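The values are calculated or read from the model by the stated rules, or taken from the named source; none is laboratory data. Given the structure is predicted, the values throughout are model-derived calculations rather than measurements. Here Cβ is always computed from backbone atoms with ideal geometry, including for glycine, and neighbour counts include all displayed protein chains. Note: areas computed on protein heavy atoms with side chains; ligands, DNA, RNA excluded. Shrake-Rupley method; radii C 1.70, N 1.55, O 1.52, S 1.80 Å.
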Amino acid sequence: MEIRIGIQHSPREIVIESEEKTEELLERLNAAVADGSPVTLVDDKGRTVLIPGAKVAFAEISTEEPRRVGFLG
């Protein structure tokens, strides 16, 4: 899935691809935002990203859908 996280006062979003379960990720993000603690995410390539929970502006989690190719006739 693709995860986009906006950080307050930062013009860029953090975008990572991860295989983590959506429910678990949402629980961790909610807890981090609620108490201001940092949350650690690991992407598909093994890179670790530390995100300050107190500075999260938004989080968007999307599952990838297969792209359609061709024409409908």
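Protein heavy-atom surface of the chain, 1.4 angstrom probe: 51% of the accessible area is carbon and sulfur, with nucleic acids and ligands not counted.
In loop segments of segment 1-59 as defined by DSSP, the trypsin sites (Lys or Arg not before Pro) with at most 10 further C-beta atoms inside 10 Å of their C-beta are Arg12, Lys21, Lys45, Arg47.
Our estimate of slack between Glu27 and Thr48, defined as 0.36 nm per intervening residue step minus the Cα-Cα distance, is 5.7 nm. What shape does the chain take by its C-alpha gyration tensor, where a ≥ b ≥ c are the square roots of the eigenvalues and a/c under 1.5 counts as rounded, a/b above b/c as prolate, and the rest as oblate? Here the chain falls in the prolate category.
What the phi angles of segment 17-27 give under the Karplus curve with 6.51, -1.76 and 1.60, with θ = phi - 60°, is a coupling list of 9, 9, 9, 5, 5, 4, 4, 5, 5, 4, 4 Hz, glycine and proline written as x.
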